[in-house]
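Worksheet: the structure to be examined is printed underneath.
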Amino acid sequence: MTVPGRRLLGYLLLPICIAEASAPSRVILRYVDFGKDIAEDLYVQVVAADRAGNLFNVGRVTFISGRQAFRVIKTDINGNTLASFDLNNNEGQNSVFAAATDPQGNLIITGFANTADFPLVSPLFPSAKIPGVFVMKLDSQLHSIMFSTLLSANNTTGAVATDASGNIYIAGGTSSANFPITPGAYQTKPPGLNATYGGQNSYAFLTEISPNGDRLLYSTYFGGDSVFCMGGSSCLFQAAHTFATALALAPSGAIVMAGDTISTDLPVTPGTLATSCNGSTDLSPGFIAEFAPNGARLKWSTCLNPTGSPIPFSPPIWIQSIALDTAENVLVAGGAAAGGFPTTPGVVQPTFVQNSQLPWAGFIAKLNSTGARLLWSTYFGQSVTSMAVDPLGTVTVTGYSDPNLLPPGLNVPRLGLAYVARFSGDGTTLENLYVGPENSTGAAIVLTAAGTFVAEGPFGSLWIESAASGPSLLGAASAASGPPTRLISPTELMSLYGIGIGPQTSLAGRVENGAFTASLGGYQVLFDGVAAPLLYAGPTQINTIVPHELRGQDYTHLQIVGPAGTIDGPTLALRPARPEIFQNSQTGLAAALNEDGSINSPENPAKPGSIVSIFVTGYGTRWSDGQVVTDASRGNLFPAVILAEPIGNSLEVLYAVDAPGLVAGVSQINFRLPKPLPTFRNYGTYRTYDFELQVGDAISRAAEVAVHQ
């Protein structure tokens, strides 16, 4: 078959063309160091901060051996590792859902335990058996488990918080009749079978235990038993469900709990924003409830109901974060709020922006301290995952969104699907907005003592805001595909994203003596001081190649040097290989060629049994840095394995070398499709076929090609 030239990959190596904008403050990119003993990045599930501003990152790691664990990593505000702790997670059966710190800086995590070797230390309920909700306390230096206990089975936690005395509050949902409830609690009747439809009802719960985990101070159910169903056989075994997802503790000692419910008889108090919850089996409103300091009395409770009648399959109003201002007004934020969510005039985004692919939106709402009034409420993008409020009432949030669905204005480059935004205290002004590559932020956000933010992405990337103005580096990722990551490999093509990181006028790479130069417009990218070849440099994106000289190192430090000074970037971890498959941005499929040399697409699928060509980076090369490959005489450093469905199947690889006519670091792999194909994802005239590339121990993210029926 014909060896392709630049015509397929030329546009894939070009940047997202976005106008430059000035930023009011600088954002510094850092990564949490998860260690050299893992096969892939840790997936951060929860983040907590202590009073000194240190971060506790709790997430799942997979070791080179294949064993899994929950790793807790304590870092300072700049991402430097201070301590770590591992909790075995055999077969991925244990889950961590929430974390918080106490006044002494100790860490409390809660989740679901489902393995026989789960560690129980001084358990509060010795008779409780796995599986069930656990509460674990680790000392501030992550040396040991101070206590670890189970609550009961058939329940899930959603939030944890601590008060000034170190008492621990846990909230979630349960269908258990044996959940530990204290005498005199607000609601002691357990959930039972639904009287109308026969399913098992579930309630939210609010539980308080002592700082040492040796006493149950208070525990109550909170839920209702009635639910509306549209009718028909789909109502069989339906039930009422209420689940708590967020907790906040007021200086007065009051406990504010929020979540979602489909119950139509959830206890709601008179005089509040909504005196009933208009839920159904197809719609779950958000609820907010405030309890007195001892938890025995409900001060007020209300629901965030969408306007209009419930419709089938309406997105829920899912509250993911809660905060209180200095007047104990309540702010909630979340996602999946469709049209009809209650908003107020004059806010940043008062109307629902319809999106054909995902018919929901993010939201932020502020209620007064008695739940009687909506002070302000706005849609925002597609999802708000975490929120923080400073003493002046300014609200800072992070989340994910199609950048086109974020409010216009501020002349901000829209560099991807993750963002941090800052609102005025009345919700009428969007003061700051940063938009970066997918997963570069969005998992959690905390505020420093200076009022700046630290936001974290699910793979451990940190956006650290500085009060000083200047360029912001927001992401570093494979130029082929995948989210930003701290893992790179020598000769991998990388894309750096940010604001003001390169020359104001975009410049394409320059070839001299057969190789791309290491300087464009006075800008260079350095890895441990080694200048890397540049393929493109512009104000919001730089495409570069990791120097081969780093081979054999464990880490490297990234810097961008320009006429105005140096942008000090993150420290990245090195792997021998880290393959990623180039994507066709127009089709969402792999950037692949069919056997006749034409571009693979839904309109031009490959034939079963034919040969397709894909293009990858992070595979290694025997050519010099930045050199344009002139022939296919030098094989790659590692053998290529194409993994495909059914699981464990490998395909015949006919060709795996540096792609002639392209820069060293881009490899071409030709493999043969099976005939016949497995039957799945049928789109009428074509079907898609999934595959991955394995190089040594490293496996790429999955990609697809279109194949004839």
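Read-outs: derived from the displayed coordinates by stated rules, not from any lab. As the structure is a prediction and not an experimental result, all values here were calculated from the model. Reconstructed Cβ throughout: ideal geometry from the backbone, glycine too, with neighbour counts over all protein chains shown.
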For mean projected area of the Cα convex hull in nm² the list reads [x] 30.6; [y] 38.6; [z] 36.3; the calculated value is entry [x]
At the level of C-alpha centres, the distance separating the stretch 690-709 and the stretch 582-653, in angstrom, is 9 Å
Rounded to whole angstrom, the alpha-carbon centroid of the stretch 417-488 lies from that of the stretch 528-543 at a distance of 21 Å
If we sort 367-373, 513-519 on the protection proxy, mean other Cβ atoms within 10 Å, highest first, what's the order?
367-373, 513-519
Starting from a Cα-only point model with no solvent, please compute log10 I(q)/I(0) by Debye for the stretch 115-225 at q = 0.14, 0.15 1/Å.
-0.57, -0.65
Considering only C-alpha atoms, what is the centroid distance from the stretch 126-204 to the stretch 249-278, in Å?
19 Å
HN-Hα J in Hz across the stretch 267-276 - Karplus 6.51, -1.76, 1.60, θ = phi - 60°, x for Gly and Pro:
x, 10, 8, x, x, 9, 3, 9, 9, 7
Extended-chain gain in nm, criterion 0.36 nm per residue less alpha-carbon gap, VAL628 and ALA449
59.4 nm
Starting at the first residue of the stretch 192-209, write each ³J(HN,Hα) from the Karplus equation 6.51 cos²θ - 1.76 cosθ + 1.60 with θ = phi - 60°, in whole Hz, x for Gly and Pro.
x, 6, 5, 5, 8, 10, x, x, 8, 5, 9, 10, 6, 9, 10, 10, 10, 10
At 4 °C and 1.567 mPa s, grab the translational diffusion coefficient of the stretch 580-708 from Stokes-Einstein with a Kirkwood Rh over Cα pairs, rounded to a whole number in µm² per second.
87 µm²/s
Can you give the relative contact order of the chain as a percent, counting alpha carbon pairs under 8 Å and 6+ residues apart?
10 percent
Separation in nanometres of the label points that stand 7 Å from Cα toward Cβ, at THR566 and SER252
5.4 nm
Three-way shape label, the stretch 433-480, alpha-carbon gyration tensor, a/c 1.5:
oblate
Estimate the FRET efficiency between SER598 and ALA164 by the formula 1/(1 + (r/R0)^6), using the beta-carbon distance for r and 60 Å for R0, to the nearest 0.05.
0.30
I'd like the FRET efficiency for ALA467 and ASN368, computed as 1/(1 + (r/R0)^6) with the beta carbon distance as r and R0 of 35 Å, rounded to 0.05.
0.65
Could you derive backbone 3J(HN,Hα) for the stretch 413-418 from the dihedral phi with the Karplus parameters 6.51, -1.76 and 1.60 (θ = phi - 60°), listing whole Hz in sequence and x where the residue is Gly or Pro?
x, 9, 8, x, 9, 10
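Given a Förster radius of 35 Å and the C-beta distance between THR428 and LEU82 as r, what FRET efficiency does 1/(1 + (r/R0)^6) yield to the nearest 0.05?
Details: r = 40 Å, r/R0 = 1.14.
That gives a FRET efficiency of 0.30.
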Net +/- balance of residues flanking ASP76 in space, Cβ distance below 11 Å, scoring K and R +1, D and E -1:
+1
Length gain on complete extension for the stretch ALA195 to THR307, per 0.36 nm per residue less the alpha carbon to alpha carbon distance?
37.5 nm
Hey, can you grab everything whose amide H is under 5 Å from the amide H of SER321? Only 5+ residues off in sequence or another chain; H modelled, so Pro and N-termini drop out.
ALA333
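Net charge within 12 Å of ALA532 by Cβ-Cβ distance, Lys/Arg positive one each and Asp/Glu negative one each, not counting ALA532 itself?
Neighbour charge sum, excluding ALA532 itself: -4.
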Cut-off 15 Å between beta-carbons: net charge of the residues surrounding VAL657, Lys and Arg +1, Asp and Glu -1
0
I need the shape label for the stretch 353-471. Rule: rounded when a/c is under 1.5, else prolate if a/b > b/c, else oblate, with a, b, c from the alpha carbon gyration tensor.
oblate
